[in-house]
Structures are given as C-alpha cells and as structure tokens.
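Read through the structure below, which is laid out as structure tokens, and then see the notes.
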Amino acid sequence: MLKKLANLIFAFAFCLLALSGLDAGEGSPASAELIAKAWEAHGKKDIEATWRYSEECISLYKEEAARQQAALVALPKNKDEIQKVQALNDVATAYFIQAESLMRQGKLEDSKKIFQFIIDKYPYAQAWDQFGWFWQIAEASQKSIKKMETGSTELEEAQKVFAPSTTITLFDPGREEFVDYKKYGEFKNIGTKDYQYLIKDQRALSQAVGEGIYPNTSSLKADPAYKKALEEKRFGFTRPDEEWDLVHSPDLEAAFFKWATAPQPQGLKLFYQGLILEKAGLIKHALKCYYAIVVHFPGSYGITYFRTPWYVGQAAISKINFLLRRHPEFGYKLADADIRIINGFDNDIANDIVITNPGKWVKIDLAQRPVKPGRSSLKIRQSRGEGKVRLVQYENQDWQLLVDEKPYIVRGITYLPTKVGQSPHEGTLGNWMTEDSDNNGKIDGPFDSFIDKNQNNLQNSDEPAVGDFKLMQEMGVNTLRIYHHPNKVNKELLRELYKNYGISVIMGDYLGVYAQGSGASWNPGTDYNNPEQKRNMLESVANMVLEFKDEPYILFWLLGNENVYGVACNAKSEPEAFFKFVDEAALLIKALDPNHPVAICNGDVFYLDKFGKNAPNVDIFGANAYRGDYGFGFLWKQVKDETNRPAFITEFGCSAYYEGKGQEEGEFAQAQYHRGCWEDIESNMAFGDGSGNALGGVVFEWLDEWWKGYEPSIHDKKGLWIGPFPDGTMHEEWLGLCGQGDGKSSPFLRHLRKAYFMYQEKWR
C-alpha cells in the first residue's frame, strides 16, 4: 500500500495512465488523458468539465470499445491483457464517472440507468487505480445501484431475508480439545520437504476433531442446524464463490457451514472456518481448524488481491500463537511448529519448497514459567553504530535499539494532518509544517487542534486548542516517520517537537519510488541500473544527511517506501540491482554520519532473501505490513533467519469504518486490530517469547485523510482493496486514530477514537 505520499509525487500520478492510453488518431487526445481530466474535474465538483471530458472519451472510442468487448469471452487477468483493451476500459470508466457525478447531484434514477448500462454493455471492463491495481467497473456499478436502492450492499440486502445466527452451536464438538495426532496416524520426515502425515484411523481422528474439521465431514451433514440453514437457503451453491461473500456475514452459522462444504482447497477452507469460529467465540474449535492445516496441508497457499501468494500454513501457526497468547487459561502452547518456504519471497509458487515441522501441543504451568535472562545478565555479541543511537545484539541473539545507552522502543506514528478538501491528485496538498490557516501565528495541526468532546462538530468553550503534538505526547508517541522531500522540512518545528514533547524523528528518502529524487519520468520510472539516476538519488540522500545529521531529533535514517512493489520504479523487476543500490546509499550515509543507524522501508517481506544477500550495510529491516489483527506472523522469524538483523514495522493500521456497523463497533474493531498488532510486536521484542528482534512499529496513521478515495471533500466509505480487515476491505479514508468529524472544522477538529486510548494504555 502506498501511504505517505506528497503533492509533487502525485502531480505525476495520472501521467502513467495518459502515456499508456489509446490514441484515436493524429490530433486526438489519448483516452486515458481524457479519463484523468474527467476524474480530476469530478473531484473538484466541476460538473461541466466532468461531462465534457467523459463525453469526448466516449465519442472518440466507443466503437473500438464495443469491438473489444465483443472479442472477449472472459475477464482479462493480467496487466498486459487488460491494457490490450484500453478503449473498453476507458469508455466504461467515462460512463462510470458520469454515473458517479449524477449520483452526487442526487439524480439517482439517471445515475442507475448509466450504471446498469455499464453492467449490460461492458462486463469485462476494468479501471486502473494509480496505487497499482485494477477494479472491475461492472461490479462497482452493481454495488452502487444496490446502495442507492437499499442503502446496503447485495450481501447485506440478502441477509435481511432471514434471521442470521450470530452464534454457532456445534452438533459434534469432537472428543479432544487439543488433538494428539500421534494416536491416529504417523508423522514422517519431519523437518524436511518430504514431510507428511499418514492417517491410520480416520474414523477415530474424525471423532477427535469434531464437526467440519478435516477429515470429519459426516457429522456436519448430520447436524440439524446445517439442514435447517440449507432449507432456508441461507447458503448453498446458487452463486459462484458464494463463500467469499459470507466471510464477513453476520450469519456465522451459515458462513461456517458454507465454508466447510465449499469447493476450495482444504487448507484455505480450514483457515476461513477458523476465522468464523473465532467470531463465534469457539476458540478451541478454531485452534483445531488452524492446527489441522499445519498437520495435513502445510504448503497451502492463497492468492491475495494483489496477485501475490499468501502462505496459509504459516498464517495458521501465527493464528494459533496469537490465540494462545490471548487465552493463557487454556494452559497450552504449540512447541517447535515451523513451516519454512524456500524461495517464498517472490511471486513464483512453482519454485517453492516447503519444509515442515508440525510441532506438538504442550501443557504449560503459568505459575512455573522459567524466567528469561534480561539485558543485565547477557553479554553483547555485536554492535551496529558508533554514536548515541546504536543497535546491539546480545549473546542470546536478541536485538535492541539503544539511545544514550538506554533501550528505545519505537512507538511511532505517521503524521500528515491533511485539511479536508486538499488533495495531491489535484495539486492542492499543503505543507503541514508551515500551514497557518487561521493566521494566528501558530501552525495548525501541531498547536491549534482541539478535541470535539461531544462530537457536535463545533469548538465549544470547554474545548480549548490542545495541539496534536501534546495529544501525541499524552498518547505515548515517541517517534514520527517523515520524509525530507518533496516539501521543505521545518527544522525549528521538529526541534520544538523533540525538546518540548520528547518525540524523535525517523527521517526518510524515497530513493526513487514514485520517480522521486532520481530525475526519471513517472513512466517508465526510476531505473536502478541507470548511472545518472543513481547519482541523482545519492545526491538526494547526501543532502538529507548533511542537512539533518546534527539535529537532536534524528533517531535513524530510512531508505525508500515499498519500492519493491514497483510503482514508478523497476525495483520489482530488478530487485538485486535495487538492493545493491540501497547498500550503496547506506554506505554513503555511514561515511557522512556514523552516529545514526540506517533502515529500509520494504513492502512486507517481498524479496527479503535478496535484501539479506545484497544489502549487508543496512542495519534495520523495516516493512509496511497489513496482515490482520493477529500481527505480523512469520515476519520476525524470517528476518532473523534470512538477515540476522533487527526489524520494525514501518507502517501498519486498520480503518475505523466497518461496513454495516455503527461508529462504536467500527472504532472497537479498529482498536482490537491495533491491539493484536502491538501485542505481536511486544512479544517479539528482546527477551520476549518470540524472535527477539522487534524494535517497535509506526502506526498508520494519526488523522483521516479524505482524499484517498479521490473526492477530497467527501469522507468516502468505499473499500479500495480487499484484505484482512474487519469487514474484508481497506477503507483508506478512515485509517486515523483521530477523525475530523464532518470536515467543516478541518484542519483543527479531532475526534479521538478508541485505538488512541488503547495505545495510551499500552504506551504510557
């Protein structure tokens, strides 16, 4: 996900589209150029311009769009196939923009007609999102129609037909809570690529695990509740992939039955059954689901929204550890379980080699847990850095960040207090470090924000200005993540942040992503094999270090922002060239400033193995990671195994909007997501129960940014991509720990959400 972007970067965002658009002939504008202008006009609520550009696109390219649609028999799957039908995509998008414009004007019937026209005429059209993925225009049109007709999505509307069961009562819970698989079969070749579990008594194993858990299918179909749900048509096989619609259904019973019988791979089925059982409070049965994956299907994988592999067995082990950490009263741990995927850091499933140790259930006595050695009793094995900020690894392999020889946990947050109505898409995003919109001599966000206690969207007499810096200090924040370009950094402001509020700064350089700092155009973007572009980026890095290295607030340096996802750069296709250049930049930084460590901001663990081999001078592995409410799974162990370096999460978070739920439930779900993530970070810090190499994390983000859904004056609730979030989608305009109310008192109003107070409890 692309997060901390600034206005000069996004000024070029639509250039990629325009350059790849179809040309109707000499003198005619490219289709994508017209679409870019139509979107921009729509965002500005310029109705006349919106229709002028969209109509021009339709007029020029509709005949070609019709020919391309007629030639298709299925939805194009990859980027090359999609771009071959550019006219189809852009004409459908033009109609979609018109329908959106009509809907915004309240002309709902006219809007619905155009949405339906798209569904009927252009079912295989897809639109490019500048963040790097495609969405199906007909599908989005159908959802918009349903919203206008019913106020809810198709799934929500369907659920009104019956009374959903928000609980699950198991007909056959199984004879064992923590199943001893050795009694029913044989483990072979543990710890190798040839691992397998051979069932010798399937009937007894089915009786042990219980309803719906592999290999037990008979007791499920004997369940009276199953038969009733089937008769009521609460689930069935009426629609392809219906099980995905039910993942986040309030009818937990129907969802469980559907997933237990769905035509999906067994490992994937068990994982989603486990998720649904968790929601129903049947934690021990969920644990059995997850462990069945580890035993029977350790190499299972799914494909994410971004067409990347997701390893279900590793996620299952992480889920087990998370649930046992939350429920110590169970008195069990899963000992020695490990699934290693050799060649698992790229997108090629075919080259994967799965090494499996299923581990075993072990009873534990919490009262007699051994005391782990601490910092004072261990010798330092190695140190990275020479100054007041350095990294140390102890003889037990654990890592810590030290500042003035005291342990420092990164309790960070991304701070970009964007005023409602501003947007980098439109070149209107200001510089929060200097903006003083009320002309009182104080910078808006840091010093003039106030808490809207009664949520009436006004500043009452008992709601004085407090300022974000003070609110962050009271929350327990000790670190901000900031980039030195493209906007000018207010050094005096950051000195005050550090001196008066005790908050340090991780200072970053984008290192060519979004073509920033390289001198390259957006398309084709930065080339990490290009000598001139590399010189430009090293000059940018050197300027950053020389300008800020003696500032007291600097904690350490950060290189890049998810460059491996390949947005306006070739790090995705040339990862070794990229990481070798990262190492070159790290060496330059250390020559200029030996007093602060150097970190990378990666896209999750993509190409982690290549990072480990090609960037030995980077001190800390950082990653933007959005994996779910159970934390970050195998990330810590993988970083330890592949690089022997410490790690921190450069960006993580969850929206406070929850489709179909109220504000309280949405905020609660956001807080629970954050709680699980932070507890996972804590567990993997030095002298904890995990890998011992976690240094902390940076929450994304402080304040909702209303431009993320493209209409900067509207707090959009649209889901931009599918992922492991409470309602299954990422609502990027709702990621803040603080809200901005109805936006009329932006940039000053703050509504502190439940996650704010959760962190205040954890961090203070």
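The values are calculated or read from the model by the stated rules, or taken from the named source; none is laboratory data. Owing to the predicted nature of the structure, the values given are computational and were not obtained by experimental measurement. FYI the Cβ positions are ideal-geometry reconstructions off the backbone, even for glycines, and counts take in every protein chain you see.
Given (1) over 27 Å from His715 (Cα atoms); (2) aromatic (Phe, Trp, Tyr); (3) in contact with a Lys or Arg (Cβ under 7 Å, 6 or more places away or on another chain), where does Tyr61 come up short, assuming only one miss?
For Tyr61, the failing item is (3).
I need a count of the residues in the stretch 401-430 that are touching a Phe, Trp or Tyr at 6+ places or on another chain (Cβ under 7 Å), crowded, with 23+ Cβ neighbours inside 10 Å and aliphatic (A, V, I, L, M).
3
Check Glu395 against each of (1) touching a His at 6+ places or on another chain (Cβ under 6 Å); (2) loosely packed, with under 14 Cβ neighbours inside 10 Å and name the one condition it does not meet.
(1)
Test of understanding: among Pro724, Pro712, which residue is at pLDDT below 95 and surrounded by 24 or more Cβ atoms within 10 Å (Cβ to Cβ)?
Details: Pro724 fails: surrounded by 24 or more Cβ atoms within 10 Å (Cβ to Cβ).
Pro712 is the lone residue from the list that is at pLDDT below 95 and surrounded by 24 or more Cβ atoms within 10 Å (Cβ to Cβ).
Among the residues of the stretch 566-581, write down those that are surrounded by fewer than 24 Cβ atoms within 10 Å (Cβ to Cβ) and either at pLDDT 95 or above or not assigned by TED's automatic domain parsing to the domain that holds Arg481 (or both). Lay out the reasoning, then the answer.
The first filter runs over the stretch 566-581 and keeps only residues surrounded by fewer than 24 Cβ atoms within 10 Å (Cβ to Cβ), leaving 566, 570, 572-577, 580.
The answer is Asn570, Lys572, Ser573, Glu574, Pro575, Glu576, Ala577, Lys580.
Going residue by residue through the stretch 358-376, is there one that turns out to be of a type outside the set (Gly, Ala, Ser), touching a Pro at 6+ places or on another chain (Cβ under 7 Å) and in a strand (DSSP E or B)?
No, there is no match, as no residue in the stretch 358-376 is of a type outside the set (Gly, Ala, Ser), touching a Pro at 6+ places or on another chain (Cβ under 7 Å) and in a strand (DSSP E or B).
Only one of Ala335, Ala292, Ala316 is closer than 23 Å to Ile681 by Cβ, outside the structural domain of Lys572 (by TED's automatic domain parsing) and surrounded by 22 or more Cβ atoms within 10 Å (Cβ to Cβ). Can you tell me which?
Working: Ala335 fails: surrounded by 22 or more Cβ atoms within 10 Å (Cβ to Cβ); Ala292 fails: closer than 23 Å to Ile681 by Cβ.
Criteria check complete, one pass: Ala316.
Out of the stretch 66-91, which residues are within 28 Å of Ala41 (Cβ to Cβ) and in contact (Cβ under 8 Å) with a residue 60 or more places away in the chain?
Gln83, Gln86, Ala87, Asp90, Val91
Checking Ala542 against (1) of a type in the set (Gly, Ala, Ser); (2) surrounded by fewer than 21 Cβ atoms within 10 Å (Cβ to Cβ); (3) free of Cβ contacts under 8 Å to residues at least 40 places away in the same chain; (4) within 23 Å of Ile482 (Cβ to Cβ), which test does it fail?
Tallying (1) of a type in the set (Gly, Ala, Ser); (2) surrounded by fewer than 21 Cβ atoms within 10 Å (Cβ to Cβ); (3) free of Cβ contacts under 8 Å to residues at least 40 places away in the same chain; (4) within 23 Å of Ile482 (Cβ to Cβ), Ala542 fails exactly one: (3).
So which of Ser655, Ser573 is of a type in the set (Ser, Thr, Tyr) and closer than 30 Å to Arg753 by Cα? Walk me through it before giving the result.
Values: Ser573 fails: closer than 30 Å to Arg753 by Cα.
Only one candidate qualifies: Ser655.
Suppose the filter is under 26 Å from the mean Cα position of the chain (by Cα) and more than 26 Å from Thr643 (Cβ to Cβ); does Leu429 pass it? Before you say what the answer is, go through the steps one by one.
Values: under 26 Å from the mean Cα position of the chain (by Cα): yes; more than 26 Å from Thr643 (Cβ to Cβ): yes.
Against the criterion (under 26 Å from the mean Cα position of the chain (by Cα) and more than 26 Å from Thr643 (Cβ to Cβ)), Leu429 qualifies.
Of all residues in the stretch 603-623, which are under 10 Å from Val564 (Cβ atoms) and either over 17 Å from the mean Cα position of the chain (by Cα) or part of a helix (DSSP H, G or I) (or both)?
Tyr607, Leu608, Lys610, Phe611
Please verify whether the stretch 549-566 includes one or more residues that are in contact (Cβ under 8 Å) with a residue 60 or more places away in the chain and polar (S, T, N, Q).
yes
Within the stretch 391-413, track down each residue that is part of a strand (DSSP E or B) and farther than 20 Å from Asn644 by Cβ.
Kept after step one, since they are part of a strand (DSSP E or B), are these residues of the stretch 391-413: 391-394, 399-403, 406-407, 410-413.
Within the stretch 391-413, Val403, Lys406, Arg411, Gly412, Ile413 meet the criteria.
Looking at the structure I just gave you, is Asp641 of a type in the set (D, E, K, R) and in a loop (DSSP other than H, G, I, E, B)?
On the way: of a type in the set (D, E, K, R): yes; in a loop (DSSP other than H, G, I, E, B): no.
No.
I want to confirm something. Restricting to the stretch 668-685 and keeping residues that are of a type in the set (A, V, I, L, M, F, W, C) and in contact with a helix residue (DSSP H, G or I) (Cβ under 7 Å, 6 or more places away or on another chain), which single residue is surrounded by the most Cβ atoms within 10 Å (Cβ to Cβ)?
The residue in question is Trp678.
What is the residue count in the stretch 431-470 for residues that are surrounded by 22 or more Cβ atoms within 10 Å (Cβ to Cβ) and either modelled with pLDDT under 95 or aliphatic (A, V, I, L, M) (or both)?
The total comes to 1.
Filter the stretch 672-708 for residues that are touching a His at 6+ places or on another chain (Cβ under 8 Å) and not in a strand (DSSP E or B) and give the result.
Step one: filter the stretch 672-708 for residues touching a His at 6+ places or on another chain (Cβ under 8 Å), giving 699, 704, 706-707.
Passing the criteria: Asp704, Trp706, Trp707.
Of everything in the stretch 27-45 that's buried (at least 16 other Cβ atoms within 10 Å of the Cβ) and without any contact (Cβ under 8 Å) to a residue 24 or more places away in the chain, which residue is farthest from Gln422 (Cα to Cα)?
Residues of the stretch 27-45 that are buried (at least 16 other Cβ atoms within 10 Å of the Cβ), as a first pass: 29-44.
Going one step further and asking which of them are without any contact (Cβ under 8 Å) to a residue 24 or more places away in the chain, we end up with 30, 33, 36-37, 41.
Values: Ala30: 27, Glu33: 22, Ala36: 18, Lys37: 17, Ala41: 14 Å.
Step by step, filter the stretch 27-45, then rank; the result is Ala30.
Would you confirm whether or not the stretch 373-393 contains a residue that is over 28 Å from Lys613 (Cα atoms), touching a Phe, Trp or Tyr at 6+ places or on another chain (Cβ under 9 Å) and assigned by TED's automatic domain parsing to the domain that holds Ala286?
No, there is no match, as no residue in the stretch 373-393 is over 28 Å from Lys613 (Cα atoms), touching a Phe, Trp or Tyr at 6+ places or on another chain (Cβ under 9 Å) and assigned by TED's automatic domain parsing to the domain that holds Ala286.
Within the stretch 321-334, can one find any residue that is part of a strand (DSSP E or B), within 26 Å of Gln672 (Cβ to Cβ) and in contact (Cβ under 8 Å) with a residue 60 or more places away in the chain? Before you say what the answer is, go through the steps one by one.
Restricting attention to the stretch 321-334, the residues satisfying the condition of being part of a strand (DSSP E or B) are 332-334.
Retained after the next criterion (residues that are within 26 Å of Gln672 (Cβ to Cβ)): 332-334.
Filter once more, keeping what is in contact (Cβ under 8 Å) with a residue 60 or more places away in the chain: 332.
So far as the stretch 321-334 goes, yes, one or more of its residues are part of a strand (DSSP E or B), within 26 Å of Gln672 (Cβ to Cβ) and in contact (Cβ under 8 Å) with a residue 60 or more places away in the chain.
For residues in the stretch 235-261 being closer than 20 Å to Gly723 by Cα and aliphatic (A, V, I, L, M), which is surrounded by the most Cβ atoms within 10 Å (Cβ to Cβ)?
So, considering only residues that are closer than 20 Å to Gly723 by Cα and aliphatic (A, V, I, L, M), the one surrounded by the most Cβ atoms within 10 Å (Cβ to Cβ) is Ala255.
From Asp398, Asp448, grab the single residue that is in the same structural domain as Asn617 (by TED's automatic domain parsing), in contact with a Phe, Trp or Tyr (Cβ under 9 Å, 6 or more places away or on another chain) and either within 29 Å of His674 (Cα to Cα) or aromatic (Phe, Trp, Tyr) (or both).
Numbers: Asp398 fails: in the same structural domain as Asn617 (by TED's automatic domain parsing).
Of Asp398, Asp448, the one residue that is in the same structural domain as Asn617 (by TED's automatic domain parsing), in contact with a Phe, Trp or Tyr (Cβ under 9 Å, 6 or more places away or on another chain) and either within 29 Å of His674 (Cα to Cα) or aromatic (Phe, Trp, Tyr) (or both) is Asp448.
Would you please list the contacts, defined by Cβ atoms under 6 Å and residues six or more apart or on different chains, that run from a residue in the stretch 265-279 that is within 16 Å of Ser318 (Cβ to Cβ) to a residue that is among the aromatic types (Phe, Trp, Tyr)?
Listed pairs, sorted by first residue: Gly267/Phe297; Tyr272/Trp259; Gly274/Tyr290.
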